[in-house]
Amino acid sequence: MRRILFSLLTLTLGVCAEEIRGTLKDPAHAAIAQGWIQLHSANNNLTRKTQTSATGEFVFANLTPGDYLVEARAYGFGGGPPRLVRLEAGANASLDLVLELDALPQRVVVTASGTPLSVDSTAKALDSTDLADIERRGEFSIAEVLRQTPGMRVQQLGGPGAFTQIHTRGLRSFDTAVVIDGFRLRDAGSPQGDATAFLGDLLVVDPARVEVLRGSGSSLYGSHAIGGVIQIVTDQGGGPLHGEIATEGGGLGFFRGLARMSGSAAKDKLQFSAGVAHMNVTRGVDGDDRARNSSLQGSTQYLFTPQSRLSARFWATDTFSQLNSSPYAGATASLPSFGLIDAAPGRTFITGLNDPDARRAGKQFSGLVSFLQELRPGTTVRLGYQGLTTSRDNRDGPGGFRFPPAFNNSAVFDGDIHNLQARIDSSLGRHQLISAGYEFELEKYENISRDENPVVARRIFARTAVRQRSSSVFAQDQLRLLDSRLLVSLSGRWQRFSLRQPEFEGGVPAYDINRFAAPPDALTGDIAIAYLLRPGTKFRAHGGNAYRAPALYERFGTYFFSGMFSALGDPRLSPERALSMDAGFDQYFMGSKVRASATYFYTQLQNVVGFGALLGADPFGRFSGYRNMRGALARGVEVSGEAALTRTTRMMASYTHTRSQQRNSVFVEGFLYSPRVPKNMGTWLVTQRIGSRFEITGDLAWSGQSITPLFAGTGTRGFLFDGARKLDIAAAYTLPLTDRWRMQFFTRVDNVLNQTWYEDGFRVPKAWAVGGWKLLF
């Protein structure tokens, strides 16, 4: 017994502690002061950060033996590949890092495998945007950060704070999973159980970077990761205390305040980071599109010993937005009798009109606690728990247009998701890393609907509550063969569901089934292969299957209108299933100053959950609702490039061609066009630094025409809308105050070309601008 206790104590309080130290230099081998060095353990998600001294020196102490990736950045310099450092037991390591003046950065990412990898060592199509690039562009929302991603279309149905949806590679808005620090963000109370309802609420508060995996990700991240994965990585802090205080305001009645700071204490054993932001829009697009958003995000981690770490992360949002009525088709006489309809505002369609008593209030809180323990060099165990609470209160009244309710009403959609994960990562030599784990998820959906009928006895109160549990087992094997020129990744996941008996109160239909069955098991697999032909040349291929579990709303949802409830869901729905693959290459030129990439992608949605009319007798008395149906097909090509033209000029561009086709038409004519998917779209970004204090960035996102379905006469017709031409320009002037304090004055102009276009029939803002200042320390 004493031997067992001694072994456990040794495991937790191990005394081995090595260090990595070095110097950051420029191409002339002069020291770079106040540069940032980031350290990533190659076997787990341990990240530490420090700042170089006046002589360019840095040190990471209290480390355990193993492989580490070390990356550096400094203002006014380019990048370079992360350095792989192997730390042997009982020995320290030292290295010199050299930052080139005009080389492209090659960042460390985690979304491709769940463990840190250089972006050029992954076998998947992946993009990463760090906080420095986000601030250079002057972006204040995560959705705007994503506009420059190849293959990704961002639709914001109005101005700041409006509903936002994202389409990846020609798929639907809910086919892209959103992840925060490795744990899913989704709304259990939304129709598809995804994160779309809260995408427009995610402000840039305290991120380290935003990563995007394009392609199937269900074997690693579970449900909804059919077209890709968006991961927001929270800043984990480290280094001396630093941060910023900023405020800005201008057009649309827009105001935003931001404060963030991060640092370390207790000899770098404690790392912390936190940010708070508030956005207020008093006018918006039509002068009465008010929106407010208060957000708080942060993280902390404490290293008890070199082998054990406890960390926590939180993100909370509290939002309000004034809503407009839904766009609708014009008079039947103004529409052609057959075929696609050119969208002409005021003639063939009516844009979203101001609705004085329609509004939405939303809240979201995500809290994560995790513990990491190294069992031996190269083998770690991670335990993590995330509690996620979402709430949306949609209110409406008789003051709107087109079928407003007779009385004020409220529909509250609450969701709770509790996720527990245990994972082990173990390296078998220097060329193989095996990961395996178990995940438990408890999901709850509750919908309460009520109205304010002046006749108290006739007031409506109805409630639906559903709980579901699931268990998952997942595994991954990452191999480096042929002297690390051949990279292979194999992964798989099995998930089983369990459903509790739903609860119904009031006028909600009690679905006439004595026993409700859980969805069938989900089994997904994934393979990714990359071959490094020579330094700077990589060929890659990635394929797998994915799934989406039917949301609780799709199975038990209801619709309330004019004092009556209708069933929309079907408890018998099966999961959605998909197959996908992509293949491409990445090529560097001119000493890593230019990068070119091309990818072909193919996704087949085999079985989906759709909404439509129901033919024949329905056991739940529905005329329309959710049902299983045949899926869709999307394929296309992504081409992108990036260049550090000079030390002060950097440029990025991308083009995506997509062919997407449905197998079940949503249009009365039977057309198989995929709604909201343009055939062509692209991006362009250029950053120019002038001297050491002034910087200007321009970014363009454009798309071709797309089709939006609107109800017209006796059915849904396809309206052809022109695409976006959104050019934004941001500029900043930085004034040094002391060695550590700086004042920055900045401005941003959105839609510089003053273009008018409509997203799903909602008008977006024309040219508008803001200006502000920030104090950096």
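Quick notes on this structure:
- Taking Cα centre as origin and charging only the Cβ of basic (Lys, Arg, +1) and acidic (Asp, Glu, -1) residues, the dipole magnitude of region 36-165 rounds to 320 debye.
- Near residue 336: Cβ cut-off under 14 Å, other residues only, Lys/Arg at +1 and Asp/Glu at -1. The net charge is 0.
- Note on residue 537/residue 566: beta-carbon distance plugged into 1/(1 + (r/R0)^6) with R0 of 41 Å gives a FRET efficiency of 0.10.
- Here's how it looks for residue 460: its modeled amide H is under 5 Å from those of 451, 453, which are all 5 or more places away or on a different chain.
- Cα-only Debye scattering, region 444-550: base-10 log of I(q)/I(0) at q = 0.17 Å⁻¹: -0.90
- Take 278-287, 23-32 and order them by the average number of nearby Cβ atoms within 10 Å per residue, most first; the result is 278-287, 23-32.
- Cα centroid of region 714-750 to Cα centroid of region 30-106, whole Å: 32 Å
- In terms of its alpha-carbon gyration tensor, region 545-619 comes out prolate; a/c meets the 1.5 threshold, and the first ratio a/b outweighs b/c.
- Most positive-pole-ward Cα, 372, 415, 389, against dipole of region 371-426 from beta carbon charges: 372
- Spatially, region 389-404 and region 425-454 are offset by 30 Å when compared through their Cα centroids.
- Helical mean residue ellipticity (222 nm; -39500 (n - 2.57) per DSSP H run of 4+; nearest 500) of the chain: -1000 deg cm²/dmol
- Kirkwood Rh, angstrom, region 239-311 [1 / mean 1/r, Cα pairs]: 14.5 Å
- Given R0 = 51 Å, the distance between the Cβ atoms of residue 302 and residue 684 translates into a calculated FRET efficiency of 0.70.
- Projecting the Cα atoms of 476, 682, 278 onto the charge dipole of the chain, computed from C-beta unit charges around the Cα centre, puts 476 farthest toward the positive end.
- Averaging the sequence gap over all C-alpha pairs within less than 8 Å and six or more residues apart, then dividing by the number of residues, gives region 99-210 a relative contact order of 23 percent.
- Inter-label distance for residue 19 and residue 55, nm, one decimal - labels placed 7 Å from Cα along Cα-to-Cβ: 1.3 nm
- For the chain, the relative contact order comes to 11 percent (Cα pairs under 8 Å, sequence separation of at least 6).
- Stretched out straight at 0.36 nm per residue, the stretch from residue 481 to residue 33 would grow longer than its current Cα-Cα span by 157.4 nm.
- Positive-end residue of 352, 189, 254, charge dipole of the chain with Cβ unit charges: 189
- Cα gyration tensor shape of region 297-420, rounded if a/c is under 1.5, else prolate or oblate by comparing a/b with b/c: prolate
- When Rg and the Kirkwood radius Rh are both evaluated on Cα atoms of region 174-310, their ratio Rg/Rh stands at 1.05.
- Cα-based reach from residue 726 at 20 Å (exclusive), listing lysines while leaving out same-chain residues under 8 positions away: 679, 766
- Within-11-Å neighbourhood charge of residue 768 [Cβ basis; K, R +1; D, E -1]: +1
- Shape of region 144-221, Cα gyration tensor, a/c cut at 1.5: rounded
- Cross-link partners for residue 49 among the lysines, with Cα-Cα distance under 19 Å and sequence neighbours closer than 8 places in the same chain left out: 25, 267, 269.
- Candidate values (i) 162; (ii) 172; (iii) 331, label of the one derived for volume of the Cα convex hull per residue in Å³: (i)
- Net charge dipole, the chain: roughly 640 debye, given to the nearest 20, about the Cα centre with Cβ charges of +1 for Lys and Arg and -1 for Asp and Glu.
- Only Cα pairs under 8 Å and 6+ residues apart enter the sum, and on that basis the relative contact order of region 190-239 stands at 36 percent.
- Scalar couplings 3J(HN,Hα) for region 575-584, obtained by applying the Karplus form with A = 6.51, B = -1.76, C = 1.60 to θ = phi - 60°, are x, 7, 9, 8, 10, 8, 8, 8, 8, x Hz; x denotes Gly and Pro.
- Under the simplified labelling scheme, the residue 672-residue 463 pair shows an inter-label distance of 4.8 nm, with each label point 7 Å from Cα along Cα→Cβ.
- Angle in degrees between helix 2-12 and the longest Cα principal axis of the chain, rounded to the nearest 10: 80 degrees
- About the Cα centre, charge dipole magnitude for region 355-513 (Lys/Arg +1, Asp/Glu -1 at Cβ), debye: 320 debye
- Charged neighbours of residue 147, selected by a Cβ distance under 13 Å, balance to -4 (K, R count +1; D, E count -1).
Where a number appears in this text, it was derived from the coordinates with a stated rule and is not lab data. As the structure is a prediction and not an experimental result, all values here were calculated from the model. We place every Cβ from the backbone using ideal geometry, glycine too, and count neighbours over all the protein chains shown.
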